[in-house]
Amino acid sequence: MTAQENTSASAPSNQRVIKKYPNRRLYDTATSTYITLAEVKQLVMERENIVVKDAKTGDDLTRSIFLQIILEEEAGGAPMFTEPMLANIIRFYGHTMQGHMGSFIEKNVQMFTDFQGKMAEQGGGVDAWAKMLQMPNPMVSASYTEQMQKMQEQMQKQTEQMMGMFGIKR
């Protein structure tokens, strides 16, 4: 079996395979070039369906590479997560509800992503958030603000319910 056949046998055809070598270099099999972690991030931003495989063992390293990208972003000066939030996430590891917490976060992020997509459709582009904040029409701006506030309230309520299940109070 050739290396090309091996790559296609181990991943669906719609996945872009990135191989990670022992020297920590990343090799994009679609372009036959070495790429950086920043380029992997760009592929993710472009919604490319990628999988990162250990070149030697074939193990799936996608999660660890994604976590590495998040770590670099968090250390880069504009963190998304507060220290208390990170501490709470750590506390869920090993907890009986660990599996539920992951799906809870995933569902809420998906809900937020869906909302952002709707805003982009209505606003005509990727910069819908910036456009919304600069809108001179208070009725339109209020509508978006109201939708955003409802979504935040729903997420907060769900979070408080879940935390209550663990006996954690705000």
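The values are calculated or read from the model by the stated rules, or taken from the named source; none is laboratory data. Just so it is clear, the model here is predicted, and its values are computed rather than measured. Because the Cβ atoms are built from the backbone with ideal geometry, glycine has one as well, and the counts that use them run over all protein chains shown. Ligands, DNA and RNA are stripped out before the accessible areas are found, and what is left, the full protein with its side chains, is counted by its heavy atoms. Shrake-Rupley method; radii C 1.70, N 1.55, O 1.52, S 1.80 Å.
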The lone condition residue 87 fails out of (1) in contact with a strand residue (DSSP E or B) (Cβ under 6 Å, 6 or more places away or on another chain); (2) at pLDDT below 95 is (1)
Does residue 90 satisfy the criteria of being open to solvent by less than 90 Å² (accessible area, probe 1.4 Å) and among the hydrophobic types (A, V, I, L, M, F, W, C)? no
Quick one: in region 107-129, of everything that is open to solvent by 50 Å² or more (accessible area, probe 1.4 Å) and over 30 Å from residue 97 (Cβ atoms), which residue is modelled with the lowest pLDDT? 126
Residues of region 51-79 classified as open to solvent by 50 Å² or more (accessible area, probe 1.4 Å) and either modelled with pLDDT of 90 or more or among the charged types (D, E, K, R) (or both), total: 14
When you scan region 133-150, do you find a residue that is at pLDDT 75 or above and surrounded by fewer than 11 Cβ atoms within 10 Å (Cβ to Cβ), even just one? no
List pairs: first residue in region 39-68 and touching a residue at least 40 places away in the same chain (Cβ under 8 Å) and of a type in the set (A, V, I, L, M), second residue surrounded by 14 or more Cβ atoms within 10 Å (Cβ to Cβ) and assigned to a helix (DSSP H, G or I) anywhere in the structure, Cβ distance under 6 angstrom, at least six positions apart or on different chains. 51/62
